[in-house]
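The block underneath contains the structure these notes are about, expressed in structure tokens.
The values are calculated or read from the model by the stated rules, or taken from the named source; none is laboratory data. If you're wondering where the values come from, they're calculated on a predicted model, not measured in any experiment. All Cβ positions, even for glycine, are placed from backbone atoms using ideal geometry, and neighbour counts span all protein chains on display. Only protein heavy atoms, including side chains, enter the accessible area calculation; ligands, DNA and RNA are left aside. Shrake-Rupley method; radii C 1.70, N 1.55, O 1.52, S 1.80 Å.
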Amino acid sequence: MHAPPHVLIVGYYGFHNAGDDAVLFGILQALKTKFPGLQATVLSNAPEETARTFGIRAVNRWRPGPIIRAIRAADFVVVGGGTLLQDRTSPRSPLYYLGITELAKRFGKPVFYYGQGFGPIVHASSRFFIRRVLSGVDLIIMRDAESARELEKTGVRGVPIAVTADPALAIDPAIADRERGRAVLADHGRTPKRPLAVVSVRPWKDRTAHLLPLARALDRVADRGFEIVFIAMQRAQDVEPALRVRAAMTRPAAVVRTPLDFRAIFGVIAEADLLIGMRLHALIFAALHGVPFVPLSYDPKIDRFVESVGLVPPLSIEALQADALMERIEATMNDLPALRRTLADRVPPVVDAARRSADLVSDASRSRARRRPGKEARR
């Protein structure tokens, strides 16, 4: 009898980011459908918390010894999801993931990049290392076609490149903790008879000019009878800009500062009638629950997701104007039932695409095993 396979998952985990936690959950759930009895280890910034949250093994992503032991113990390595291949925040970021990839290759482990975004890449050295390291992996799965095109421009060759969707889209919406979500909203003064607009903002570089137009638009949303609640997808970062927007508003709004896991945030968004957001996974949570949303773009990944579900391109936070934003919000508020129907039609194919990532990994894993009989430990 073969032992259950063991996967090492590498990504931006353990940083109290609900979006990344949702990505990890989506990867785990999808892989478990294809690899019965799958055992998983995750590299994490907070390994004890990650292990407790997901019921898996986790090791410190900064400790070389445990990382090497985790690679050697794995049957295959999954790198993803998220936008790990970008160097706008730091040129060290892609080097970390490429370094783990190179180690795994040296130990003879199959490596699958899973549900990846791409870019921006601003350093020539990053392009060189991406081209060199990724040309030797087993499979690359990108979350959108534009990311795949940008990756191919780096010169990666000799490896299959597929396009599916963000791994968080593979999540069953039923896992949302709606009871906890309702309790959080009640604690923040929620009146169930009034429509609810949930807002997700985040800091971006040193830019704040978009916060005042957002405050002006939200005042007008409140004048339409909506309650306004800000939710923090990454609490350490998102609460501060939310407080700044609320301070600039003349109408009341609530800012949720309570630490919440991704299931509870998913539950809060499930209760919304409208979401206005910058965070990609706040938009994805809304889409999965059929909640109409108004996206604000600070990064191409927002535009690419909105395009994938066939909606009007988002407004950019660059030179954002209150009137233009309110016009977009008004159009959404005036058409909520129709937009719910639109999401019900357009989201399922994207969900299917996200779940197909696990099929691709399973097929590639079996193909490698056929090519290299006897090399696949415990398989």
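Looking at region 143-185, which of the residues that are closer than 30 Å to residue 257 by Cβ and not in a helix (DSSP H, G or I) is most open to solvent (accessible area, probe 1.4 Å)?
Of everything passing the filter in region 143-185, 172 is most open to solvent (accessible area, probe 1.4 Å).
Show the residue pairs meeting these rules: Cβ distance below 8 Å; 6+ apart or different chains; first residue within region 312-339 and over 15 Å from residue 218 (Cβ atoms); second residue open to solvent by 80 Å² or more (accessible area, probe 1.4 Å) and in a helix (DSSP H, G or I).
Every condition considered, the pairs that remain are 313/307.
Only one of 345, 303 is over 21 Å from residue 148 (Cβ atoms) and of a type outside the set (A, V, I, L, M, F, W, C); which?
Details: 303 fails: over 21 Å from residue 148 (Cβ atoms).
Result: 345 is the single residue among 345, 303 that is over 21 Å from residue 148 (Cβ atoms) and of a type outside the set (A, V, I, L, M, F, W, C).
Quick check on my filter: what residues within region 199-213 are β-branched (Val, Ile, Thr) and either without any contact (Cβ under 8 Å) to a residue 24 or more places away in the chain or surrounded by fewer than 20 Cβ atoms within 10 Å (Cβ to Cβ) (or both)? Can you show your working first?
Initially, region 199-213 is screened for residues β-branched (Val, Ile, Thr), giving 199, 201, 208.
Within region 199-213, 208 is the sole residue that qualifies.
Limited to region 1-20, what total is found for residues that are in contact (Cβ under 8 Å) with a residue 60 or more places away in the chain, closer than 20 Å to residue 62 by Cβ and outside any helix (DSSP H, G or I)?
8
For region 36-55, how many residues are closer than 23 Å to residue 360 by Cα and surrounded by fewer than 21 Cβ atoms within 10 Å (Cβ to Cβ)? Step through it out loud before you land on a result.
Pass one, region 36-55, residues closer than 23 Å to residue 360 by Cα: 36-43.
Still in the running and surrounded by fewer than 21 Cβ atoms within 10 Å (Cβ to Cβ): 36-39.
Summing the residues that are closer than 23 Å to residue 360 by Cα and surrounded by fewer than 21 Cβ atoms within 10 Å (Cβ to Cβ) in region 36-55 gives 4.
Starting from region 239-250, take each residue that is closer than 15 Å to residue 222 by Cα and list its partners that are open to solvent by less than 20 Å² (accessible area, probe 1.4 Å) and among the β-branched types (Val, Ile, Thr), counting only C-beta distances under 9 angstrom and pairs at least six apart or across chains.
That search, which allows pairs on different chains as well, returns 245/199; 245/201; 245/255; 246/228; 246/255; 249/228.
Just checking, does region 222-239 include any residue being over 26 Å from residue 22 (Cβ atoms) and within 24 Å of the chain's Cα centre (by Cα)? Outline the logic, then answer.
Within region 222-239, the subset over 26 Å from residue 22 (Cβ atoms) is 222-225.
So of that shortlist, the ones also within 24 Å of the chain's Cα centre (by Cα) come out as none.
Looking for residues that are over 26 Å from residue 22 (Cβ atoms) and within 24 Å of the chain's Cα centre (by Cα), one finds none in region 222-239, hence no.
Pairs, please: C-beta under 6 Å, at least 6 apart or cross-chain, first residue surrounded by 15 or more Cβ atoms within 10 Å (Cβ to Cβ) and in region 62-74, second small (Gly, Ala, Ser)?
Cβ pairs passing all conditions: 71/104.
Which residue out of 265, 276, 269, 302 is open to solvent by less than 10 Å² (accessible area, probe 1.4 Å), assigned to a helix (DSSP H, G or I), in contact with a Leu (Cβ under 9 Å, 6 or more places away or on another chain) and in contact (Cβ under 8 Å) with a residue 60 or more places away in the chain?
Details: 265 fails: in contact with a Leu (Cβ under 9 Å, 6 or more places away or on another chain); 276 fails: assigned to a helix (DSSP H, G or I); 302 fails: in contact (Cβ under 8 Å) with a residue 60 or more places away in the chain.
Every option except 269 fails the conditions.
Matching residues to (1) part of a helix (DSSP H, G or I); (2) out of contact with any strand residue (DSSP E or B) (no Cβ under 8 Å at 6 or more places or on another chain); (3) farther than 16 Å from residue 93 by Cβ:
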residue: 108; (1), (2), (3): no, yes, yes
residue: 115; (1), (2), (3): no, no, yes
residue: 127; (1), (2), (3): yes, yes, no
residue: 131; (1), (2), (3): yes, yes, yes
residue: 141; (1), (2), (3): no, no, yes
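Since residue 370 meets every condition but one in (1) buried (at least 18 other Cβ atoms within 10 Å of the Cβ); (2) modelled with pLDDT under 95, which condition does it not meet?
For residue 370, the exception is condition (1).
Is one or more of the residues making up region 338-360 polar (S, T, N, Q), part of a helix (DSSP H, G or I) and open to solvent by less than 40 Å² (accessible area, probe 1.4 Å)?
yes
Within region 214-227, track down each residue that is among the basic types (Lys, Arg) and either assigned to a loop (DSSP other than H, G, I, E, B) or open to solvent by less than 20 Å² (accessible area, probe 1.4 Å) (or both).
The initial filter retains those residues of region 214-227 that are among the basic types (Lys, Arg), namely 216, 220, 224.
Hit for region 214-227 is 224, nothing else.
Each row is one residue, and each column tells you yes or no for (1) at pLDDT 95 or above; (2) within 17 Å of residue 176 (Cα to Cα); (3) touching a strand residue (DSSP E or B) at 6+ places or on another chain (Cβ under 9 Å); (4) of a type in the set (Lys, Arg).
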{"position": "272", "(1), (2), (3), (4)": "yes, yes, yes, no"}
{"position": "277", "(1), (2), (3), (4)": "yes, no, yes, no"}
{"position": "283", "(1), (2), (3), (4)": "yes, yes, yes, no"}
{"position": "286", "(1), (2), (3), (4)": "yes, yes, yes, no"}
{"position": "292", "(1), (2), (3), (4)": "yes, no, yes, no"}
{"position": "297", "(1), (2), (3), (4)": "yes, no, yes, no"}
{"position": "303", "(1), (2), (3), (4)": "yes, no, yes, no"}
{"position": "316", "(1), (2), (3), (4)": "yes, no, yes, no"}
{"position": "319", "(1), (2), (3), (4)": "no, no, no, no"}
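Listed here are the residues, each with its yes/no results for (1) open to solvent by less than 40 Å² (accessible area, probe 1.4 Å); (2) touching a helix residue (DSSP H, G or I) at 6+ places or on another chain (Cβ under 8 Å); (3) closer than 27 Å to residue 348 by Cβ.
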| position | (1), (2), (3) |
| --- | --- |
| 293 | yes, yes, yes |
| 315 | yes, yes, yes |
| 320 | yes, yes, no |
| 323 | no, no, no |
| 333 | yes, yes, yes |
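Does at least one position in region 77-90 carry a residue that is under 22 Å from residue 202 (Cβ atoms) and in contact with a His (Cβ under 8 Å, 6 or more places away or on another chain)? Explain how you work it out, then say what you get.
Step one: filter region 77-90 for residues under 22 Å from residue 202 (Cβ atoms), giving 80-90.
Subset that is in contact with a His (Cβ under 8 Å, 6 or more places away or on another chain): 87.
Scanning region 77-90, I find at least one residue that is under 22 Å from residue 202 (Cβ atoms) and in contact with a His (Cβ under 8 Å, 6 or more places away or on another chain), so the answer is yes.
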